[in-house]
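A short worksheet on the structure shown next.
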Amino acid sequence: MEILQPPGWSRPRGYSNGIAASGRMVFVSGMVGWNAEGEFETDDFVLQVAQALRNVLAVLAEAGAGPADIARMTWYVVDRDEYLQAAKRLGQAYREVMGDHFPAMTAVAVAALMPARARVEIEVTAVVEPPSLAG
């Protein structure tokens, strides 16, 4: 993947302005912060984010992908202020789960999410290098 950073632009914190990639596309539907049984263990925003990210990684693993393969993320949050106020804890939780890979990201505040307890929903597009044809 190639990070797209226009000359003279300040480098964004926690995301990239753009990513160029080629390979097999993997689309992960919106993941919320519930466990594998579809149950929420917390209403804490940051803990739900961490769980949603772990859920994203579990789906990506099925395609042989990981955090470094993510080209784009979209976050839907139900409380803009909660998101902004949690910035430091959010950054720590993100790095614990995703490492230092910062894809192109969008965050959108929405009125509600389909699961009533969900504080965040994260969808992902990843690009996985195709398997080598050399054998």
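General remarks:
- Restricting the first member to the range 90-102 and to residues that are over 15 Å from residue 55 (Cβ atoms), and the second to residues that are surrounded by 16 or more Cβ atoms within 10 Å (Cβ to Cβ) and acidic (Asp, Glu), the beta-carbon pairs closer than 9 Å and six or more apart or on different chains are 101/69.
- Restricting attention to the range 2-27 and to residues that are in a loop (DSSP other than H, G, I, E, B) and exposed (fewer than 12 other Cβ atoms within 10 Å of the Cβ), the residue that is modelled with the lowest pLDDT turns out to be 13.
- Qualifying residue in the range 78-100 (condition: assigned to a strand (DSSP E or B) and either out of contact with any His (no Cβ under 6 Å at 6 or more places or on another chain) or crowded, with 18+ Cβ neighbours inside 10 Å (or both)): no
- The single residue among 47, 57 that is under 10 Å from the mean Cα position of the chain (by Cα), touching a residue at least 24 places away in the same chain (Cβ under 8 Å) and farther than 25 Å from residue 5 by Cβ turns out to be 57.
- The single condition among (1) assigned to a helix (DSSP H, G or I); (2) surrounded by 15 or more Cβ atoms within 10 Å (Cβ to Cβ) that residue 58 does not satisfy is (2).
- The set of residues in the range 14-44 that are within 12 Å of the chain's Cα centre (by Cα), closer than 17 Å to residue 103 by Cβ and of a type outside the set (S, T, N, Q) comprises 14, 15, 27, 28, 30, 31.
- Any chance residue 118 is hydrophobic (A, V, I, L, M, F, W, C) and touching a His at 6+ places or on another chain (Cβ under 6 Å): no
- Residue match in the range 63-74 (condition: outside any loop (DSSP other than H, G, I, E, B), surrounded by 21 or more Cβ atoms within 10 Å (Cβ to Cβ) and not hydrophobic (A, V, I, L, M, F, W, C)): yes
The values are calculated or read from the model by the stated rules, or taken from the named source; none is laboratory data. Remember, predicted model here, so these are calculated numbers, not experimental data. So basically every Cβ, Gly included, is an ideal-geometry build from the backbone, and we count neighbours across all protein chains shown.
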